[in-house]
Amino acid sequence: MHIQHNVDLAPFTTFGIHAVAESFVEVSTIEELRKAIAWAQAANTPFKVLGSGSNILVTDDVAGLIIRIRIMGRTSTVEASSATIHCGAGENWHSIVQWSVENGWGGLENLALIPGTVGAAPMQNIGAYGTEQSSCFVELQALDVTTGIVATVTKDECAFGYRESIFKRDLRHQMVITSVTYRLATAPVVNVSYRDVAEELHSCAVIEPQVADVFDAVVAIRQRKLPDPRVIGNAGSFFKNPVVDLDTYAQLVAAHPTMPSYAQADGTYKLAAAWLIDQCGWKGYRSGDAGVHDRQALVLVNHGNAVGSQLLELSMRIQHQVQDQFGVDLEREINVW
Ligand SMILES: Cc1cc2nc3c(=O)[nH]c(=O)nc-3n(C[C@H](O)[C@H](O)[C@H](O)COP(=O)(O)OP(=O)(O)OC[C@H]3O[C@@H](n4cnc5c(N)ncnc54)[C@H](O)[C@@H]3O)c2cc1C
């Protein structure tokens, strides 16, 4: 374990924003993680946990220790109808999805090409194209920073919701996820409920899609629609899609008949944050190097040398305008450091 000091964080987040971490360490075992936390506690300095930095906006230099999780490893147990996979928190999410698909195991294929680590996936219950990681989730292991003990956290205890879990709320800063277990189907039924996926498969003349077809379709859609952080700094969707009650929905749709919306099982309606932002005229906006992507209004971008505070300020202007124009609150999806 090698603790470094005054480390530029630009290479460690997908926004690519320059900011200096006072101290920085990569840990590849649970024991190293324990030592890193003990080091911070002994120095009476705060610490933060980092995966691949694809859901973080750094707005200033970071005091204390950043612990980058590099705990690797994957195992599988195959039974008649399911395969249980157990993955280290530092594993790359997409490579786990790809590995599952190559083995013919179904359940994660709609979540292909989401950047980041396995350990961060339960944090905001990553989701895309009609699926969330919670649909295959069994349990995870996490180190309690107070006791140093690794505990198992069950699915119920995780309290997963739309881009939500207990790790974003009550257990924030309390538990560091070290590994995650998923159960996948060995005779999978694919989920093509999402219109884009169905259309992509149709355009490729796939009649009876298999897991690998859905994986390929999702990869193709994402490569076409989403900006690649290696080309332009971004952290994917900056805001969550807002969920409103029936009365609010009825008023909005009466005033804006073309507004996209998705009825939820509990009687609420999910609105498309990208549409709301686009209607306010933000798509393609740029001020210095901070901007809004020109094809995807939900994605804020760093054109080169933006600083985090510029992007944060831009995000707040967008929130205010959406509130003024539609009376709807946009909640940030990304983590601000
Ligand atoms: C181009 C692009 C597209 C994206 N598309 C999607 C999408 O379709 N759906 C979606 O849900 N997300 C999407 N995201 C967001 C992002 O990929 C996910 O949130 C991902 O899970 C973040 O993983 P990470 O390792 O980069 O986490 P980081 O950004 O490093 O960390 C995110 C948060 O999790 C915490 N954390 C990280 N690892 C651990 C751990 N082991 N234990 C405890 N806490 C931890 C961090 O402290 C931080 O608060 C996208 C991002 C980009 C850049």
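The table for this structure:
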{"item": "Equivalent ellipsoid, the chain (semi-axes from 5 times Cα gyration tensor eigenvalues, Å)", "result": "31, 28, 19"}
{"item": "Sequence ranges 141-153, 174-186, ranked by mean other-Cβ count within 10 angstrom, highest first", "result": "174-186, 141-153"}
{"item": "Förster radius 35 Å - calculated FRET efficiency between GLU22 and ASP324, Cβ distance, rounded to 0.05", "result": "0.35"}
{"item": "Part-to-part distance (alpha-carbon centres) for the range 102-169 and the range 173-230, which is given in Å", "result": "16"}
{"item": "Largest to smallest principal axis extent of the C-alpha atoms in the range 62-131, angstrom", "result": "50, 26, 16"}
{"item": "J(HN,Hα) series, the range 56-67, from Karplus relation 6.51 cos²θ - 1.76 cosθ + 1.60, nearest Hz, glycine and proline x", "result": "10, 10, 8, 9, 6, 4, 10, 6, x, 10, 9, 10"}
{"item": "DSSP beta bridge pairing in the range 32-150, given as percent antiparallel to the nearest 5", "result": "70"}
{"item": "Contour minus Cα-Cα distance for MET316 and ARG224 (0.36 nm per residue)", "result": "30.3 nm"}
{"item": "The range 37-89: Cα Rg divided by the 2.2 N^0.38 Å rule of thumb", "result": "1.71"}
{"item": "Charge tally in the Cβ shell below 14 Å around CYS87, where Lys, Arg are +1 and Asp, Glu are -1, CYS87 excluded", "result": "+1"}
{"item": "Eligible lysines near LYS283 by straight Cα distance, threshold 22 Å, same-chain separation 8 or greater", "result": "LYS225, LYS240, LYS270"}
{"item": "Value at 222 nm in deg cm²/dmol, rounded to 500, when DSSP H runs of n ≥ 4 in the chain each add -39,500 (n - 2.57)", "result": "-8000 deg cm²/dmol"}
{"item": "Net +/- balance of residues flanking GLN296 in space, Cβ distance below 9 Å, scoring K and R +1, D and E -1", "result": "+2"}
{"item": "Approximate spin-label separation LYS35-ALA185, in nm, with each point projected 7 Å along Cα-to-Cβ", "result": "4.5"}
{"item": "Cα gyration tensor shape of the range 4-69, rounded if a/c is under 1.5, else prolate or oblate by comparing a/b with b/c", "result": "oblate"}
{"item": "Label-point separation, VAL150 to HIS173 (7 Å along Cα→Cβ), nm", "result": "2.5"}
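Read-outs throughout are calculated quantities, based only on the coordinates presented, and are distinct from any laboratory measurement. Nothing here was measured: the structure is a model prediction, and the numbers come from that model. Positions of Cβ are backbone-derived with ideal geometry, glycine not excepted, and every protein chain shown enters the neighbour counts.
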